[in-house]
Structures are given as structure tokens and as C-alpha cells.
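Here is the structure we will look at.
Coordinate-derived values only; no laboratory data. Worth saying up front: this structure is predicted, and the values here are computed from it rather than measured. Quick reminder, even Gly has a Cβ in these numbers, built from the backbone with ideal geometry, and neighbours come from all protein chains shown.
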Amino acid sequence: MSTDIRCGRLDPEEIRQNFSELHTPLTELQAIQESARCLFCHDAPCTEACPTDIDIPGFIRKIASGNVNGAARTILDENIMGNTCGNVCPVEELCEQVCVKNTSEEKPVVIGQLQRYATDHLFNCGIQPFKRAAHSGKNIAVVGAGPAGLSCAHRLAMLGHTVTVYESRDEPGGLNEYGLAAYKMLDDRAAREVAFILDIGGINIETGKSLGEDFDLAELRRNYDAVFIGLGHNTVKALGMDNEDSDGVYNAVDFIEIIRQEDLSTLPVGRQVVVIGGGNTAIDMAVQIKKLGAETVTMVYRRGFDEMGATEYEQQVAQTNGVLIRTYAQPHRILTQDDQLAAVEFEYTKYSSSGQLTGTGETFELSADQLFKAIGQALDVAPLQGGEEPELIHGRIKVDEHQRTSLPDVWAGGDCTPGMDLTVTAVQDGKIAALSINEYLNHG
Ligand SMILES: Cc1cc2nc3c(=O)[nH]c(=O)nc-3n(C[C@H](O)[C@H](O)[C@H](O)COP(=O)(O)OP(=O)(O)OC[C@H]3O[C@@H](n4cnc5c(N)ncnc54)[C@H](O)[C@@H]3O)c2cc1C
Ligand code: SF4
């Protein structure tokens with residue numbers, strides 16, 4: 001039984017190198033060469049596949065002609081977090097998956113990297129391409145300063161409204177600041193994007209203010225002309241097992257947050273690490289703890305590779321970083337010694353003839369200094385209570401195609417509403433909601 005957890009398993013320089021860019025930024029020459037590969041398709045399938053409807057051939061054509069800031073403007077017009085999305089979007093399942101170059105050359109145009117190239121260029125030039133419309137006299141409350149809330153706030157501010165964003169944490173940005181993998185969001189990229197969004201004016205952020213604690217929904221509805229809710233996922237799922245609170249057992253999202261905020265060489269890292277889950281969070285956790293110097297990292301998922309929430313590309317990133325992925329096994333027991341994690345026992349799983357996933361009764365044990373639980377996040381509806389509440393569906397806030405909830409003056413978007421849990425879809429939800437709020441404020 002082992003309990004080998006310590007800081008600084010690798011020297012700081014090695015850690016720094018391990019957490020360097022996943023993709024090296026394109027040079028000017030590479031960007032021009034890559035943009036020249038685009039066929040500027042009519043009815044471009046890449047644009048169809050983009051959740052924020054960016055005119056992809058349009059921005060690539062601008063890069064090809066040397067109008068890089070114009071390209072950035074085309075991107076940001078539809079997706080104000082186009083810079084983050086250029087780094088973290090699962091492009092292999094969205095725009096790049098459907099690029100026609102996959103057929104002719106077996107390699108798509110690297111749309112994500114071009115998007116990042118253009119928006120980095122604009123940020124580095126210090127250009128603010130957006131202006132606020134004349135003040136409308138309307139005030140809107142946004143709850144949550146994540147991608148959904150900030151996207152909504154920016155579009156509303158552009159349309160001339162005044163926005164107050166209430167955020168429970170100390171810093172805005174949501175999971176862009178606290179959740180996305182450190183090797184995808186280097187330096188102060190998330191904060192730089194937030195500063196760019198706020199630069200338009202008309203948006204006041206109140207940090208350290210929580211819905212359900214400092215105020216309730218009824219109060220916001222009384223004091224503002226409309227409300228947008230972008231709470232994200234505010235709770236994590238538990239295994240429901242004995243010893244889940246032992247030393248050495250962590251919620252992956254909590255540890256990832258520490259990775260994003262603290263000096264990497266000061267973090268506790270186990271020699272043998274187990275991660276439970278099959279989504280992005282599990283992959284990001286496994287990859288980052290390996291990059292911090294864990295000797296063995298085993299990610300265990302109860303179903304097969306095809307059913308993982310993490311894309312095939314993300315699975316490959318994990319494997320090329322030395323993470324062992326084991327499938328068809330579920331946690332059975334957490335074994336401890338003196339209240340310290342020692343091992344995790346798993347039971348093999350299989351599908352029954354009726355298609356049910358069941359345990360086979362056979363088990364195996366993995367010694368572990370650290371166990372990270374990444375079995376999913378959820379919405380805790382407690383902050384919404386205390387007055388008339390929006391209707392829910394499958395544990396999330398029910399919205400129509402305009403992101404409007406069952407309450408006529410309340411909209412919602414991002415992870416707290418149904419749909420894919422991605423930065424890009426949260427940004428789109430916020431944008432759609434803002435346009436709908438604007439319509440409501442102007443025409444009722
Ligand atoms: C570990 C991890 C890795 C991920 N990796 C990727 C990736 O590579 N690519 C990708 O596209 N997506 C990724 N995602 C998903 C993506 O981060 C989310 O889909 C996106 O951030 C959702 O945006 P949001 O605004 O809905 O929620 P959030 O980003 O969670 O923001 C919600 C905000 O609301 C605040 N808040 C919560 N409760 C209250 C309250 N009561 N009062 C006031 N404020 C409150 C929170 O503090 C937070 O700032 C990842 C998620 C995780 C957890
Ligand atoms: S599908 Fe590919 S080639 Fe066609 S416009 Fe989009 S990026 Fe260009």
C-alpha cells in the first residue's frame with residue numbers, strides 16, 4: 001500500500017516545458033500557406049458545423065489577402081470568445097471534421113489555428129473593433145461571468161443596454177479562467193479576453209456576489225428590465241462510496257482549478273494516480289497530473305472508447321502523454337489505510353443481452369496515491385429558489401430556441417441549460433439570448 005504524494009516531482013523548468021502550447025502558434029508564412037489551401041466553398045460545410053455560425057471562408061480569405069485584423073473582426077462578430085475557441089474548440093468534431101480538404105488531401109484546413117492566429121493578431125495590435133450603440137436606458141442583470149454570461153453581456157452592451165454581471169467568484173471568466181486545461185489556455189489569455197470584452201463599456205461586473213445568497217431571482221426581476229442566467233454547472237457528482245472523503249481523493253474540477261491558479265511546482269502530485277471518468281474533465285485531469293510528474297496515471301471508464309464524452313483526439317492526447325486508459329470497469333471500493341487513500345478496487349463491466357451495462361462480479365485493484373473523480377458536473381437549482389422559479393428539464397433550465405425560460409423576463413444559457421457543454425455553445429447561447437432580450441425590450 002502506498003501513500004507517496006509530494007510537490008515538485010519535476011523541476012520547474014521541466015514542468016514549464018510540459019505545460020507549453022499544445023499547438024505552436026502559426027507564423028505569418030504558415031498562416032498564409034494554410035489559408036491558401038481553403039477552397040472558399042459556397043455554402044461552406046465548416047460554417048454550417050460552427051455552433052456560432054462564423055463565416056469561416058470569409059475570415060480565411062481575409063487572412064490570405066493580408067487583412068488579418070479584418071479576419072479577426074469577422075470571427076468576433078459572431079463569437080466574442082473566438083480567441084479561446086480557437087484554442088479549445090473540439091474542431092475535429094466540428095468545423096474541421098467536415099472540411100472538404102479531408103477528402104481531397106486527407107487533412108482539413110486548420111481552422112482553429114487560423115482563428116487563433118487572427119484574433120491573437122488583433123489583440124496584440126490593441127484594437128477595439130466594437131462600439132456601443134446609443135444608450136437605450138434599459139438595465140439587464142446577468143448572473144455568472146462565464147462564456148455564456150459574458151457573451152450575453154457583450155452583445156447587450158453593443159446594443160446600447162447597461163449590464164450588471166453578478167459573479168460569485170473573485171475573478172470573471174468562468175471555466176475559461178478556472179477550468180480549461182492549463183496547456184490550452186496559457187498565460188493570462190482568459191483574463192486578456194475578459195478585458196477585451198469589458199473594454200466596450202456599459203458592463204459592470206460585481207464579483208463575490210452570488211444568486212441565492214446575496215440576492216434572489218425575484219429581486220433581480222424587480223430591479224432590472226430583464227435577467228440572463230449563466231450559472232454553469234455549480235456542483236459535482238459523487239461516487240456515493242465509503243471513504244470518498246479520505247485524504248488523497250479529490251474532485252477533478254477542484255484540482256484543475258488549483259492547477260489554473262497556483263504555482264505548478266507547489267502542487268501535491270502522487271506517484272500512482274487513478275482518474276475515474278470518460279469526459280473532457282477526466283482527460284484534462286489525467287494529462288495534467290502526468291505533466292506534473294505522476295509516474296503512472298490510469299484513467300478508468302465504465303463503458304467503451306466509443307462512448308466516452310472525450311473526443312478521439314482528446315483520447316489520443318491522453319495516450320501520447322503516457323496516460324493508460326482502461327475501459328469497461330467501474331469503481332467498486334475505495335481502500336484506505338489510516339484514512340489515507342491506498343487503492344481503488346474496480347469491477348469489470350459488460351453489456352447484458354438487453355443492452356444494460358452491468359458489473360461482471362470480477363474485480364481488480366489499482367494502487368493509488370491520488371484518486372480524481374471526474375464523473376460529471378450538474379446544476380444545483382438551490383440558487384434559483386425563493387420565488388417564482390424557471391421550469392426545468394432533465395435537471396437543467398428549460399429554454400426555447402431564443403434561450404428564453406418559462407419566466408417571460410428571464411433568459412438562460414450555457415451549461416445550466418440543455419445541449420452540448422462547450423465554450424462555443426455557451427457563447428452562442430449568450431449571443432442568441434441577448435438578441436432576444438433586445439427584441440423584447442424594444443417590442444415587448
Ligand atoms: C475541466 C473542464 C475542461 C473543459 N474543457 C473544454 C474544452 O477543452 N473545450 C470546450 O469547448 N469546453 C470545455 N469545457 C466546457 C466549458 O468550459 C463549458 O461548457 C463552458 O465554460 C460553459 O460556460 P458557462 O458560462 O455556461 O459556465 P461557466 O464557465 O461554468 O461559468 C458560470 C459562471 O457562473 C458563476 N456562478 C455559479 N453560480 C453562481 C451564483 N449562484 N451566483 C453568481 N455566479 C455564479 C461561476 O462562478 C462561473 O463563473 C471544459 C469543462 C471542464 C469542467
Ligand atoms: S470546408 Fe474547408 S475548404 Fe471549404 S471553406 Fe471550409 S475551411 Fe475552406
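How long is the gain from GLU388 to GLU92 if the chain were fully straight, where each residue apart is worth 0.36 nm and the alpha carbon distance is subtracted?
Extra length available between GLU388 and GLU92 comes to 102.4 nm.
Charging the Cβ of each Asp and Glu at -1 and of each Lys and Arg at +1, and nothing else, the dipole of the stretch 135-222 about its Cα centre rounds to 400 debye. The Cα atoms of the chain define a convex hull whose projected area, averaged across directions, is 23.4 nm².
Here the stretch 28-60 and the stretch 89-126 have alpha carbon centers that stand 7 Å from each other. Remark: relative contact order (the stretch 1-87) = 20 percent; criterion is Cα-Cα distance under 8 angstrom and separation of 6 or more residues.
Karplus-derived 3J(HN,Hα) values for the stretch 427-444, using 6.51 cos²θ - 1.76 cosθ + 1.60 with θ = phi - 60°, are 4, 5, 4, x, 5, 4, 4, 4, 5, 5, 4, 4, 4, 5, 6, 7, 10, x Hz; glycine and proline are entered as x.
Size descriptors for the stretch 111-175, from the alpha-carbon set: Rg then Dmax equal 14.2, 40 Å. For the stretch 201-213, backbone phi angles converted through the Karplus equation (6.51, -1.76, 1.60; θ = phi - 60°) give residue-by-residue couplings of x, x, 10, 10, 9, 10, 7, x, 10, 10, 4, x, 10 Hz, Gly and Pro being listed as x. The residue among LEU29, LEU76, MET241 whose Cα reaches farthest toward the positive pole of the charge dipole of the chain, with charges on the beta-carbon of Lys, Arg, Asp and Glu, is LEU29. Rounded to the nearest 20, the Cβ-based charge dipole of the stretch 96-184 about its Cα centre (Lys and Arg +1, Asp and Glu -1) stands at 360 debye. What shape does the stretch 291-386 have by the C-alpha gyration tensor, where a ≥ b ≥ c are the square roots of the eigenvalues, rounded means a/c under 1.5, and otherwise prolate means a/b greater than b/c and oblate the rest? Rounded shape, in that the Cα axes give a/c under 1.5.
Please compute the length gained on full extension between GLN128 and ILE258, using 0.36 nm multiplied by the number of residues separating them and subtracting their Cα-Cα distance.
On the way: separation 130, 0.36 × 130 = 46.80 nm, distance 3.18 nm.
Taking GLN128 through ILE258 to full extension adds about 43.6 nm, to one decimal.
Calculated on the alpha-carbon coordinates, the convex hull of the stretch 209-332 measures out at 165 cubic angstrom per residue.
Restricting to DSSP H runs of at least four residues, report the calculated mean residue ellipticity at 222 nm for the chain, -39500 (n - 2.57) per run over all residues, nearest 500 deg cm²/dmol. Per the formula, -10000 deg cm²/dmol. In percent, rounded to a whole number, the relative contact order of the chain is 19, using alpha-carbon pairs under 8 Å and six or more apart. Principal axis extents of the Cα atoms in the stretch 163-224, from largest to smallest and rounded to whole angstrom, are 42, 25, 14. Once backbone amide H atoms are built at 1.01 Å from N, PHE228 has ALA141, VAL142, VAL143, TRP411 as its partners under 5 Å, excluding neighbours fewer than 5 places away on the same chain.
Under the definition of Cα pairs under 8 Å and six or more residues apart, what whole-number percent is the relative contact order of the stretch 174-289? Spell out each step's value before the answer.
On the way: 37 pairs, mean separation 49.2, N = 116.
With pairs under 8 Å counted, the relative contact order is 42 percent.
Would the stretch 245-295 count as rounded, prolate or oblate if I go by the C-alpha gyration tensor, calling it rounded below 1.5 in a/c and otherwise prolate when a/b exceeds b/c, oblate otherwise? The shape class here is rounded. At 4 °C and 1.567 mPa s, what whole-number value in µm²/s does Stokes-Einstein give for the translational diffusion of the stretch 198-268, with Rh from the Kirkwood sum over Cα pairs? Diffusion coefficient, whole number: 79 µm²/s. Listed by chain and number, the lysines placed with their C-alpha closer than 22 angstrom to that of LYS237 are LYS373, LYS398; residues fewer than eight positions away on the same chain are left out.
With θ taken as phi - 60° and the Karplus curve 6.51 cos²θ - 1.76 cosθ + 1.60 applied, the whole-hertz 3J(HN,Hα) list for the stretch 363-372 is 10, 8, 10, 10, 4, 8, 8, 9, 10, 10 Hz, x standing for glycine and proline. For a straight C-alpha distance cut-off of 19 angstrom, the lysines reachable from LYS131 (same-chain residues fewer than eight places away being disregarded) are LYS431. Straight-line cross-link partners of LYS209 among the aspartates and glutamates, defined as a Cα under 16 Å from its Cα and at least 8 positions apart when in the same chain: GLU167, ASP170, GLU171, GLU219. Shape class for the stretch 1-45: oblate, because the ratio a/c of the largest to smallest gyration tensor axis (alpha-carbon atoms, square roots of eigenvalues) is 1.5 or more and b/c is at least a/b. Above 20 Å, the calculated P(r) of the stretch 139-297 contains 57 percent of its Cα-Cα pairs.
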